[in-house]
Structures are given as structure tokens and as C-alpha cells.
Amino acid sequence: MTEKKLLEIIDRAAKEGWRGLDLSKNQLTSLPPELERLTNLKDLDLSNNQLTSVPPQLLNLTNLKEIYLSNNQLTTVPPELGKLTKLTGLHLSNNKINSLPADLGKLTNLRWLDLSKNNLVSLPVEIGWMPNLKILILIGNPLKSPLPELSGATWAVLAYLREQSKPRKQQWLSKLLLVGEGGVGKTSLLRALRGEKFIEGLETTHGIGVEKLILKHPKETGVTMELNTWDFGGQQIYHATHQFFLTNRALFVLVWDARHGWEAGKLYEWLDRIQAKAPESPVMIVAAHIDERDADIYH
């Protein structure tokens with residue numbers, strides 16, 4: 001479409017008070033300032049053009065209810081778009097949009113938001129509080145937040161975003177796994193960490209014992225840390241099943257009996273298991289009964 005033809009259409013639309021205008025499929029790269037005259041417009045179709053940015057003239061058309069900008073070359077969305085509060089439909093699919101402004105959440109009457117086939121990796125949490133949004137289309141984006149598996153359900157995405165917007169309280173919570181051969185003192189070590197008395201001849205753990213360990217934070221005053229402790233029975237019969245519980249994001253305590261030496265404790269076998277199943281987790285090696293014999297590990 002030539003510029004002259006476009007101006008003729010806009011002039012006619014302004015004089016006749018058009019409420020809808022279809023300028024799709026015209027290879028437009030920009031719009032003339034005269035577009036601001038179309039104050040009665042409710043529907044504007046600019047899809048399938050070559051626009052690289054949202055035309056600023058649109059931001060003054062405050063009566064718009066539907067804007068079609070799909071299949072263009074947009075990379076950003078201006079925050080000022082949030083001023084078009086009468087919008088009920090915003091179609092931005094198949095562009096190159098990398099991020100969205102928080103002001104988009106001000107579109108409280110929006111019911112349909114199509115963001116499919118863009119470059120979005122996250123959404124502003126403000127979208128989660130849009131009261132009338134019923135359809136949110138996100139397919140074809142490399143999303144990380146909200147989680148991609150939620151993107152097919154509008155209600156799930158909105159709930160996720162609302163939850164993300166709530167104030168966060170820091171928690172000191174972790175997983176502590178005690179491993180090692182049977183009878184080396186894992187349970188006694190755990191009891192000692194809890195401040196409990198030593199019991200001679202304590203029965204060995206069969207299977208897995210799961211409890212909690214509350215510790216004072218070493219630096220933060222008045223702050224406690226909660227460790228979910230997993231005490232693994234070390235008998236050979238349990239080794240095959242324990243491997244399913246060896247996961248990353250946990251602290252491992254590998255216990256061995258110094259009286260019988262590191263070979264009897266099969267330290268390197270245990271370290272190999274941990275490395276195979278949880279290569280990113282830290283490991284502490286603890287020698288029990290060091291009052292009777294020094295801990296000597298071959299390097």
C-alpha cells in the first residue's frame with residue numbers, strides 16, 4: 001500500500017468515525033501520525049506487516065478494544081500500552097518479543113492475550129493479577145518462568161505468577177544423608193548431633209531412618225537450620241535400594257570406623273556411588289571411634 005493510499009483511508013475513517021480498520025498484509029514498516037485522529041476506533045488489525053515496534057500513535061487511541069499485531073517483527077512492547085485500559089484482546093503472536101513490561105498488568109479488562117511464537121523466557125508477575133484474563137497463549141516460547149509444563153493452562157500460569165509475586169521468607173532447609181557400612185556408628189553420630197546421650201550396643205538401622213535435625217545458624221542470630229536426615233542402613237542387602245535415594249542438592253556424611261580402617265569402611269566404593277548418583281553434592285567424611293585409633297586414610 002502506498003503512503004498516499006494509506007492517508008486517504010485514514011482521512012476517510014476519521015471523517016466517517018470508523019470503529020474498525022483493517023491494515024493487515026500491507027508490508028507496513030511504520031504508520032503516519034494522522035492515525036491519532038481515529039479516536040473512535042475499537043478494532044485495529046495491523047497483523048502480517050513488517051512493523052519492528054508498536055506504533056506510538058496507537059497509544060493515544062484509548063477506545064481500542066482489540067489490537068492485532070501478530071506476524072510482524074516486534075522485539076519489545078512499550079510500557080505505555082498499559083494505558084489502553086479498554087483493551088479486551090491483544091494479539092502479539094509470531095514476533096520476536098524478548099520481554100514484557102510490568103505495566104501490561106494494568107490492562108484489567110483484557111480477556112485474550114496471545115503471546116505465542118516469541119522469544120519470551122519469563123513473564124512479569126503482574127500478569128497473574130489481571131482479573132478478567134481468560135485466554136493466555138504461550139506456545140512456542142522458550143519459557144523458564146512460569147514452568148513450560150504449565151503454559152497450556154491459563155489458570156495454572158496465573159496462579160503460578162500470583163504465587164511468585166508474594167513476599168518470600170528465607171528458609172534454611174536441606175537434606176542430610178548419612179551413608180557408610182553397617183555398624184560404623186551413623187545412628188550414634190546423628191544422636192550426638194541432636195545432643196542425645198550415647199547408647200552402647202545401639203541396634204543398627206535396617207532400611208532407612210528419616211528424622212529431623214535442628215541446628216543454630218553459625219552466623220545468623222536467632223536463626224535455625226532444619227536438616228531432614230536420612231540414616232541409611234549399611235548392610236550389603238540394602239545397597240541396591242539406597243542408590244535410588246542418592247540425589248543432588250543434599251549434604252552427604254560418609255561415616256567409617258577408624259578401628260577397622262578405611263579399606264573395611266569401603267570409603268572409595270561409597271564415594272564412587274555418590275559421584276555417580278549425586279556428582280554436585282558435597283561430602284563430609286567422618287571417622288567414628290577416633291578416641292581409640294587415629295583415622296588414617298590412604299591418599
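The values are calculated or read from the model by the stated rules, or taken from the named source; none is laboratory data. These numbers were taken from a predicted model, which means no experiment stands behind them. A quick note on method: Cβ atoms are made from the backbone with ideal geometry, for glycine too, and the neighbour counts reach across all protein chains shown.
From 96, 65, which residue is in contact (Cβ under 8 Å) with a residue 12 or more places away in the chain and either over 21 Å from residue 21 (Cβ atoms) or surrounded by fewer than 17 Cβ atoms within 10 Å (Cβ to Cβ) (or both)?
Working: 65 fails: either over 21 Å from residue 21 (Cβ atoms) or surrounded by fewer than 17 Cβ atoms within 10 Å (Cβ to Cβ) (or both).
It is 96.
Applying the selection to the range 212-233, what residues are part of a strand (DSSP E or B) and among the hydrophobic types (A, V, I, L, M, F, W, C)?
Going through the range 212-233, the residues part of a strand (DSSP E or B) turn out to be 212-216, 224-232.
Answer for the range 212-233, where residues must be part of a strand (DSSP E or B) and among the hydrophobic types (A, V, I, L, M, F, W, C): 213, 214, 215, 225, 227, 230, 232.
For a quick check of your reading of the model, give me the residue pairs whose first member lies in the range 140-162 and is under 19 Å from residue 93 (Cα atoms), whose second is β-branched (Val, Ile, Thr) and not in a helix (DSSP H, G or I), with beta-carbon atoms closer than 8 Å and at least 6 apart or on different chains.
Close Cβ pairs satisfying both conditions: 141/121; 142/121; 143/121; 144/121; 145/121; 151/139; 152/139; 154/135.
Criterion first (over 26 Å from residue 19 (Cβ atoms), crowded, with 19+ Cβ neighbours inside 10 Å and not charged (D, E, K, R)) does residue 139 satisfy it? Reasoning before the result, please.
Details: over 26 Å from residue 19 (Cβ atoms): yes; crowded, with 19+ Cβ neighbours inside 10 Å: no; not charged (D, E, K, R): yes.
In short, no.
Which is part of a loop (DSSP other than H, G, I, E, B), under 35 Å from the mean Cα position of the chain (by Cα) and modelled with pLDDT under 75, of 152, 201, 209, 183?
On the way: 201 fails: under 35 Å from the mean Cα position of the chain (by Cα); 209 fails: part of a loop (DSSP other than H, G, I, E, B); 183 fails: under 35 Å from the mean Cα position of the chain (by Cα).
From the options 152, 201, 209, 183, the qualifying one is 152.
Taking the options 7, 81, name whichever one is at pLDDT below 95 and crowded, with 17+ Cβ neighbours inside 10 Å.
81
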